[in-house]
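Written below as structure tokens is the structure these notes are about.
What follows is calculated from the coordinates using simple rules that are stated; it is not laboratory data. Computed from a prediction, not measured in an experiment: that's the story for all the values here. Neighbour counts run over all protein chains shown; Cβ positions are idealised from the backbone, glycine included.
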């Protein structure tokens with residue numbers, strides 16, 4: 001078998017699922033219920049954040065928090081301070097791809 005298979009589950013509860021964490025990329029599915037968030041942190045790679053469901057509330061560096069809806073892809077530079085959360089009633093589902101993979 002040449003290909004490597006990765007499986008994922010869709011969640012209706014807050015969950016961070018690290019699907020692929022290899023030398024090429026990090027591929028992560030995230031689900032957040034209202035009021036849930038990631039701890040404030042700095043991006044450790046260039047990352048691409050795809051909003052699959054809901055509305056993302058995100059503050060980057062010293063900017064005010066902005067909201068992005070389903071169907072949006074954000075490209076966030078390396079070493080950017082991030083404040084990621086769900087402040088809305090609808091379930092928030094994201095896919096995050098870090099490329100290149102952080103060291």
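Take residue 90, project a point 7 Å from its Cα along the Cβ direction, then tell me which residues of the stretch 6-20 have their backbone nitrogen under 19 Å from it.
Once the point is set 7 Å along Cα→Cβ of residue 90, 10-15 turn out to lie under 19 Å by backbone N, inside the stretch 6-20.
Using only alpha carbon pairs under 8 Å that are at least six residues apart, calculate the relative contact order of the chain and give it in whole percent.
So the answer I get is 36 percent.
One quarter of the convex hull surface, Cα atoms only: what value does that give for the stretch 26-98 in nm²?
For the Cα atoms of the stretch 26-98, the hull's average projected area reads 4.1 nm².
Just to confirm my numbers, what's the Cα centroid distance between the stretch 54-76 and the stretch 6-25 in Å?
Going from one Cα centre to the other spans 20 Å.
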